[in-house]
Amino acid sequence: MAVVLILRKQEYQLEGTMTVKEALKRLNLSPESHLVVRNGELLNENDVLRDGDVVKIVPSISGGGW
């Protein structure tokens, strides 16, 4: 089994146990600009992902100005 990460209708499968930060790094994504959700729960970059997990990656959007 693998960890399945879903980003904008695209699925990525990564083998092994890793932190959220490591998984995002392997996909060349910044932890500062993406949110990761598993079973409706927001994860932080130190949470561990294990084989069989399915998580959704949501880009965080900021903008606007004063």
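Values in this text are rule-based calculations from the coordinates and carry no lab data. What you are looking at is a predicted structure, and each value in this text was computed from that prediction instead of being measured. Every residue, glycine as well, gets a Cβ built from its backbone with ideal geometry; the counts of neighbours run over all protein chains shown.
Can you list the HN-Hα couplings for region 22-36, worked out from phi with the Karplus curve (6.51, -1.76, 1.60; θ = phi - 60°), rounded to whole Hz and with x for Gly and Pro?
Using θ = phi - 60°, the values come out as 5, 5, 5, 4, 5, 9, 6, 10, 8, x, 6, 10, 9, 9, 10 Hz.
How many percent of all Cα-Cα pairs in region 1-57 sit more than 14 Å apart? All intermediate terms of the calculation are to be shown ahead of the outcome.
Values: 710 of 1596 pairs.
The calculated P(r) of region 1-57 puts 44 percent of pairs beyond 14 Å.
So, with +1 on the Cβ of K and R and -1 on the Cβ of D and E, and no other charges, what is the size of the charge dipole of the chain about its Cα centre, to the nearest 20 debye?
Working: 8 positive and 9 negative charges, 44 e Å.
Here the chain has a charge dipole of around 200 debye.
When DSSP assigns beta bridges and you keep just the ones with both residues in the chain, what percent turn out antiparallel, to the nearest 5?
DSSP beta bridges in the chain are roughly 80 percent antiparallel.
If I model a spin label at residue 41 and residue 58 as a point 7 Å from the Cα along the Cα→Cβ vector, what separation in nanometres do I get?
Output for this residue pair reads 1.6 nm.
Can you list residues from other chains, or at least 5 along the same chain, whose modelled amide H is less than 5 Å from the amide H of residue 53?
For residue 53, the qualifying residues are 4.
If we sort 22-29, 9-16, 41-48 on the protection proxy, mean other Cβ atoms within 10 Å, highest first, what's the order?
Top to bottom by mean Cβ count within 10 Å: 22-29, 41-48, 9-16.
Residue farthest toward the positive end of the dipole of the chain, with Cβ of Lys/Arg at +1 and Asp/Glu at -1: which of 33, 1, 17?
33
Extension gain residue 50-residue 11, at 0.36 nm per residue separation less the Cα-Cα distance, in nm? Walk me through the intermediate numbers first.
Working: separation 39, 0.36 × 39 = 14.04 nm, distance 1.60 nm.
Gain in length upon complete extension: 12.4 nm.
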